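What follows is one structure encoded as structure tokens, with my remarks underneath.
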Amino acid sequence: MVGWPQYPDAIRTQRSLLQCRPKYRNWLTGAAIKGFSLNERGLQVALELIEQIGPPSTTKGERFSTPVKKKLASQKSDRARTIEPAREVQAARKSRLFEKWNEGVMSERDLIHVHSLLDIFEHTPAKLREKRMKDLERAATDIKDGQMIEFLSDVRRSFPSVFNRVR
């Protein structure tokens, strides 16, 4: 800015920030009003830059600490990136609906338990409900789990309204 050489030009800064958003480079998320933050890809780029040119420093030569490595390590989750039939079936076995079915307690089963089993909401479209059920059935078939196949067919018979397309 003219007369303020220690501050960057606001228009250039804004343009640079916009170029880093998901539509272009996908390094930042956020908005000018709320502020911006680096996403995972942006953190990786920042880490690569720090390795190449070193951590940022002040005009007096003081170096800033770089919490980027710690931040990347803490953001990694245990969530799987692929669908594994055995894990899907294991999750279904932990559901309350499966427990009730296994114990033979038919009177306490409710629609909410089906939603929990399928990991859906009440307002989820029937097409997606059907897809989720078919995915579970396919997973049970793939690992040849007869008990789970029987359980899922009983869920279909007991709760036909969950999978009807007309509501």
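The values are calculated or read from the model by the stated rules, or taken from the named source; none is laboratory data. Remember, it's a predicted structure, so these values are computed and weren't measured experimentally. Don't worry about glycine lacking a Cβ; one is built from the backbone with ideal geometry, like all the others, and counts go over all protein chains shown.
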Subject >> Whichever residue in region 155-166 is among the β-branched types (Val, Ile, Thr) and part of a helix (DSSP H, G or I) and, among such residues, is farthest from Ile120 (Cα to Cα) >> reply: Val155
Original post:
In region 27-50, which residues are in contact with a helix residue (DSSP H, G or I) (Cβ under 7 Å, 6 or more places away or on another chain), within 15 Å of Ser16 (Cβ to Cβ) and outside any loop (DSSP other than H, G, I, E, B)?
Top reply: Leu28, Phe36, Leu38, Ala46
Original post:
Within region 92-105, can you find the residues that are without any contact (Cβ under 8 Å) to a residue 12 or more places away in the chain and surrounded by 12 or more Cβ atoms within 10 Å (Cβ to Cβ)?
Top reply: Glu99
Original post:
Which pairs do you get when a residue that is assigned by TED's automatic domain parsing to the domain that holds Val45 and surrounded by 16 or more Cβ atoms within 10 Å (Cβ to Cβ), found in region 19-32, comes within reach of a residue that is among the β-branched types (Val, Ile, Thr) and modelled with pLDDT of 85 or more, reach meaning Cβ atoms under 7 angstrom, with the pair 6+ apart or on two chains?
Top reply: Trp27/Val45
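In region 111-154, which residues are of a type in the set (Lys, Arg) and either surrounded by 12 or more Cβ atoms within 10 Å (Cβ to Cβ) or in a helix (DSSP H, G or I) (or both)?
Filtering region 111-154 for residues of a type in the set (Lys, Arg) gives 127, 129, 131-132, 134, 138, 144.
Across region 111-154, the qualifying residues are Lys127, Arg129, Lys131, Arg132, Lys134, Arg138.
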Original post:
Taking into account only those residues within region 84-111 that are at pLDDT 85 or above and acidic (Asp, Glu), which is farthest from Thr141 (Cα to Cα)?
Top reply: Glu103
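Among the candidates Ala73, Ala80, which residue alone is modelled with pLDDT under 75 and not in a helix (DSSP H, G or I)?
Details: Ala73 fails: not in a helix (DSSP H, G or I).
Only one candidate qualifies: Ala80.
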Subject >> Of all residues making up region 7-36, the number that are modelled with pLDDT of 85 or more and among the polar types (S, T, N, Q) >> reply: 4
**OP:** Answer yes or no as to whether Glu108 is more than 25 Å from the chain's Cα centre (by Cα) and surrounded by fewer than 16 Cβ atoms within 10 Å (Cβ to Cβ).
**Re:** yes
